[in-house]
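Here is the structure we will look at, set down as structure tokens.
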Amino acid sequence: MMQRKHLILVPGLLAAAVVAVACRDSATPARSVAPRPEFWAVSAACFRMTGGGRIDKPGANMGGAESPTGKNTPGSRDFATFGFQARPTACNSTSGSGHITWVEHSTAIFGGFVLHGDVDTFVKVASEYSGKPCGRFSGPARAKRRDTGEMVSVFFEVHHACDEGEPGVGHDHIRMLICLTTCDPEGGNAVYDRAGLLTGGNLQYHRLTGRGA
Amino acid sequence: MAAITLRPPRWLSRGVALGLASAFTLLAARANAQTSVGGSAFGALVNTAGMVQQTPVAMLPTSGGMDEQSLDAFSGSTAVSSEWLTALTTGAVDDAVSSSQSSSDLQQVSVLGGLISADIVTAMAASYVSPAGAASDAAGSGFTNLVVNGVPMTTDVAPNTRVDLPGVGYAVLNEQTLSGDGVTTSGITVNMIHVVLQTLTGGGCTILGCLPGTLTTTGEIIVGSANSSVGS
């Protein structure tokens, strides 16, 4: 009797494994998929990234979860727009260069603000969903609040900027952290944390070649 | 028996090496020249009575990079007032995928004394080209709390929506213009609010009947513009 129970369980487990693998590798990341262990591994990079776009709905994203939902309704201010270029200073160097502009439109989050950051570190992490290489970069920044006009010196970390293919909308994903001191790698000290699938724009991975490498 | 080795003269070897190096350099330069990226964005453009005012403007170099320009407030004209204007463009040329993306954001927008208003106007344009083809889109473009002629627009505005503005002209909302062949080139320009100013000249009625007047375009206002393009 016990032996028969095991025989019934094995095909069930196999089916569950197949479904899990299929979900993990689908073009549009599924929300319920647990991150791969190697996602947290950091290594030096030999690529650069450019990108610009929009992510919506911070309520669903706080804590780093990425919502596959689309653009907000026309009455909502809950979104951010951004543009950046970032790269390591040389292949396999963890120091970086580049710039980022991040615009938070929600007045409920520090009154809304625009941040200008300078990249000084750039490393590689793996996409939580596809395993593809993603950029993680950070540095000092200046944020200007829109409600008070106050300029604040902060630090930012793009925890990951992942190019999952073309077009970027609905595929590429990014997570932005802002901290009062240098950000912990996983954003434990972040005062701002917004992540999501792109609802506009594109993130692009570029391999470093030739003199740029 | 002594072996005979035929060696070309040293000057000839150097010449061949130089020739090959030059050929590779030319080929590499040609490959890079075949793809370029373009991008631009601006907050507002007012073109009335021969005076053109456009600000802030971000322009992407054809080889790629990033440009960002911003302005806390724009109220230099009665035609448009706005706060927190940001124009952004980024892009890169690459053998695998070349891409360009631009955006323009404005808050507290008022056009023609409130005839058109919005809390936020966002224009977004993205283009890419790869060996598989080229494409562009305006995803992410939109309005927050848009009001036109006193009427709130509670749903997303479809691309190229025309609205008449009596006594003023007309407006095209979420104006999208595509370009390129979709194979090796592609581009898109998004103007979120494009007002065409018109005046009626001539025409009128007598006891013999009425003659129609002629609508003449006298200027234009564009708020929230983003452009991206890729290809040769």
Scan the range B:88-110 residue by residue and report those that are surrounded by fewer than 24 Cβ atoms within 10 Å (Cβ to Cβ) and more than 29 Å from A:R48 (Cα to Cα). B:Q107, B:Q108, B:S110
Within the bounds of the range A:67-76, is there any residue that is of a type in the set (D, E, K, R) and open to solvent by less than 20 Å² (accessible area, probe 1.4 Å)? no
Test for B:S141: is it open to solvent by less than 10 Å² (accessible area, probe 1.4 Å) and either out of contact with any Ser or Thr (no Cβ under 7 Å at 6 or more places or on another chain) or under 30 Å from B:S232 (Cβ atoms) (or both): no
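Considering the range B:144-163 alone, what residues qualify as being facing another protein chain (nearest Cβ under 7 Å) and open to solvent by less than 10 Å² (accessible area, probe 1.4 Å)?
Applying the first criterion (facing another protein chain (nearest Cβ under 7 Å)) to the range B:144-163 yields B:144-146, B:153-156.
Residues satisfying the conditions are B:T144, B:L146.
Please go through the range B:35-52 and give me each residue that is part of a strand (DSSP E or B) and without any contact (Cβ under 8 Å) to a residue 40 or more places away in the chain, ordered by number.
Quick first cut of the range B:35-52, residues part of a strand (DSSP E or B) only: B:36-48, B:51-52.
Residues satisfying the conditions are B:M51, B:V52.
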Give me a count of the residues in the range A:107-116 that are more than 10 Å from chain B (Cβ to nearest Cβ) and either under 16 Å from the mean Cα position of the chain (by Cα) or part of a loop (DSSP other than H, G, I, E, B) (or both). 4
Within the range A:69-105, count every residue that is at the interface with chain B (Cβ under 10 Å from one of its Cβ atoms), hydroxyl-bearing (S, T, Y) and part of a loop (DSSP other than H, G, I, E, B). 2
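In the range A:171-199, how many are part of a strand (DSSP E or B), of a type in the set (A, V, I, L, M, F, W, C) and closer than 18 Å to A:D118 by Cα?
Step one: list which residues in the range A:171-199 are part of a strand (DSSP E or B), which gives A:173-179, A:190-197.
Next, from what is left, pick out any that are of a type in the set (A, V, I, L, M, F, W, C): A:174, A:176-179, A:190-191, A:195, A:197.
Remaining after also requiring closer than 18 Å to A:D118 by Cα: A:174, A:176-179, A:190.
The number of residues fulfilling the criteria is 6.
The values are calculated or read from the model by the stated rules, or taken from the named source; none is laboratory data. Note that the structure is a prediction, hence the values are computed from the model and not measured. Don't worry about glycine lacking a Cβ; one is built from the backbone with ideal geometry, like all the others, and counts go over all protein chains shown. Please note that ligands, DNA and RNA were not included when accessible areas were found on the heavy atoms of the full protein model with its side chains. Shrake-Rupley method; radii C 1.70, N 1.55, O 1.52, S 1.80 Å.
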